[in-house]
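Where a number appears in this text, it was derived from the coordinates with a stated rule and is not lab data. On a predicted model such as this, the values are computed, not experimentally measured, just so you know. Note that each Cβ is placed from the backbone with ideal geometry, even for glycine, and that neighbours are counted across all protein chains shown.
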Amino acid sequence: MSTYVSFVAFAALLAMAPGPDTFLTLRATVVGGRTRGLVTAAGITVACAAQGVLAATGLGAVLAAAEPVFLAVRWAGVAYLTWLGFTALRDALRRDGSVWAVGDGPGTVRHRTAFRQGFVCNITNPKVLAFNLAVLPQFVGEGQGLPTLMAYALTLVVIGSFVLVAVVWVASKAAHALSRPSFRRGVDGVTGVVMLGFATALATEA
């Protein structure tokens, strides 16, 4: 139990460290509303759970050992983060507010699109899978079965989802208080720069 408590504390610190998932959720909430933020967070959570299951079952180790597959996932992540970055910067330069519309009208982002954006952002990040493969065995130890590995892996998912929901709540409050177009363009601009930074780091990392 003490080991699990330590793991929970570690997972909480990890979840609070800002990354692509955090900034994508932040932008989705500020420019599209609370519902869009929650749907985006749901997509991220499902992808994170899938990567946790892969790591717990050992399939993730096989994929990571297959260098062509791992590199393909890596470069898909680079491409997607780059696309998200350029999209955010493009929206930051737009003068009309159609890109921030909420609902089902023209210029809005549908729920399935927001979910897909969150899912793809996480599933194409090989660092998530690599982290699961590297860290879980350190806490679980040798001789543990699949149920224990799954419990630890899904604990990461649950804690991460709570943090994303907190980001949505805070961002939605900020969006209501600072609803000026200049503020939302600022969020788009910062998010775009950060996403391009993550893409560059992923592309150049050995």
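Each peptide in 10-22, 45-57 was scored by the mean count of other Cβ atoms within 10 Å over its residues; highest first, the order is 45-57, 10-22. Residue separation of residue 201 and residue 71 scaled by 0.36 nm, minus their Cα-Cα distance, works out to 45.4 nm of gained length. A simple packing score, the average count of other Cβ atoms within 10 Å per residue, orders the peptides 193-201, 151-159 as 151-159, 193-201, with the highest score first. With a Förster radius of 25 Å applied to the beta-carbon distance between residue 57 and residue 116, the computed FRET efficiency rounds to 0.55.
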